[in-house]
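Note sheet for the following structure.
Just so it is clear, none of the values below were taken in a lab; they were calculated from the coordinates. None of these values were measured; they are calculated from a predicted model. Positions of Cβ are backbone-derived with ideal geometry, glycine not excepted, and every protein chain shown enters the neighbour counts.
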Amino acid sequence: MHAPKKPGLLARLSPRRTTRILRRALATGAVVLAAASLQPLTAHAAPQPVVGGTRAAQGEFPFMVRLSMGCGGALYAKDIVLTAAHCVDGSGTDTSITATAGVVDLRSSSAIKVRSTKVLQAPGYDGKGRDWALIKLARPIDRPTLEIAATTAYNHGDFTIAGWGAAREGGGQQRYLLKATVPFVDDATCEDAYGDDLVPGEEICAGFVERGGVDTCQGDSGGPMFRKDDTGAYLQVGIVSWGEGCARAGYPGVYTEVSTFAADIARAASGL
Ligand code: ARG
């Protein structure tokens, strides 16, 4: 979702919601600008992924996708990427997005790059909750997909987050995929931070509330938050959505609660 598209929407919303959406739009705008000049990590700055992370190994998260508008995503099917609604501009034919997959290094010559053909933004998306979207690709990508959580059974514990977004609040986009682990934060604790801005039935929070320091950040949006299920397979429980700054103490990251929308996503994907 690009800042220039926002004014029409903002004009129709309450001031409180406008503030929140503006915060997100500005954040995403910054991502797009930063994405234009990928900043390699400098020698003196230790890699802090995602904020507070480390570099992912090549092939470690083969379902991870980088989207050209400056967001992340995951392969839901070989030719469908699951991302955030706020990363796209609505639904319909869209050949403007390039998905990059198969590499941790975005500049690798072996990167797989495929164009979009269609976008489906969550029906009824209005900037609050329901932050998911599907992108149909022009051809399948021969990499493993990431299964989504169909029930709430795994909405607890420690989660993995990964992305090419900023490694610190206000920082540049990353050339190499970064990863980190963050613990589940219950709705009541998350509401202490965000009040009515949180939609508890549609969003799941994660982070180290007391100390901060580890989080997703601008440019990670749309990427998956995942964990292992009882069979040891990765399962997607969240989609990077929003937060107050990045990795601030008292402000966990907010993720789309995938289990809430699993049936909607499956239905939408089968019709895409
Ligand atoms: N909205 C941001 C994006 O477009 C994601 C922010 C996530 N923030 C956080 N503190 N976890 O990339």
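Brief remarks on what is shown
To keep it simple, each residue is scored yes or no on (1) farther than 29 Å from VAL114 by Cα; (2) within 16 Å of the ligand (Cβ to nearest atom); (3) in contact with a Pro (Cβ under 9 Å, 6 or more places away or on another chain).
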| residue | (1), (2), (3) |
| --- | --- |
| ASP142 | no, no, no |
| GLY157 | yes, no, yes |
| PRO200 | yes, no, no |
| SER221 | no, yes, no |
| ASP229 | yes, no, no |
| ILE239 | no, yes, yes |
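- Residues that are within 26 Å of ARG168 (Cα to Cα) and of a type in the set (Phe, Trp, Tyr) within the range 235-267 comprise TRP242, TYR251, TYR255, listed in sequence order.
- When the range 106-157 is filtered for residues that are within 16 Å of MET64 (Cα to Cα), out of contact with any Asp or Glu (no Cβ under 9 Å at 6 or more places or on another chain) and acidic (Asp, Glu), only ASP142 remains.
- Filter result (of a type outside the set (Gly, Ala, Ser) and surrounded by fewer than 19 Cβ atoms within 10 Å (Cβ to Cβ)) within the range 156-183: HIS156, ASP158, ARG168, GLU169, ARG175, THR181, PRO183
- Residues satisfying the stated conditions in the range 234-260, i.e. outside any strand (DSSP E or B) and touching a residue at least 40 places away in the same chain (Cβ under 8 Å): GLU244, GLY245, CYS246, ALA247, ARG248, ALA249, GLY250, TYR251, PRO252, VAL258, SER259, THR260
- Residue match in the range 125-140 (condition: surrounded by fewer than 21 Cβ atoms within 10 Å (Cβ to Cβ), within 17 Å of PRO224 (Cβ to Cβ) and touching a helix residue (DSSP H, G or I) at 6+ places or on another chain (Cβ under 6 Å)): no
- Within the range 173-201, being in a strand (DSSP E or B) and among the basic types (Lys, Arg) holds for one residue alone: LYS179.
- Of all the residues in the range 219-233, those that are in contact (Cβ under 8 Å) with a residue 12 or more places away in the chain and assigned to a loop (DSSP other than H, G, I, E, B) number 7.
- The range 93-153 holds no strands (runs of 3 or more DSSP E) entirely within its bounds that carry 1 or more residues that are in contact (Cβ under 8 Å) with a residue 40 or more places away in the chain and among the aromatic types (Phe, Trp, Tyr).
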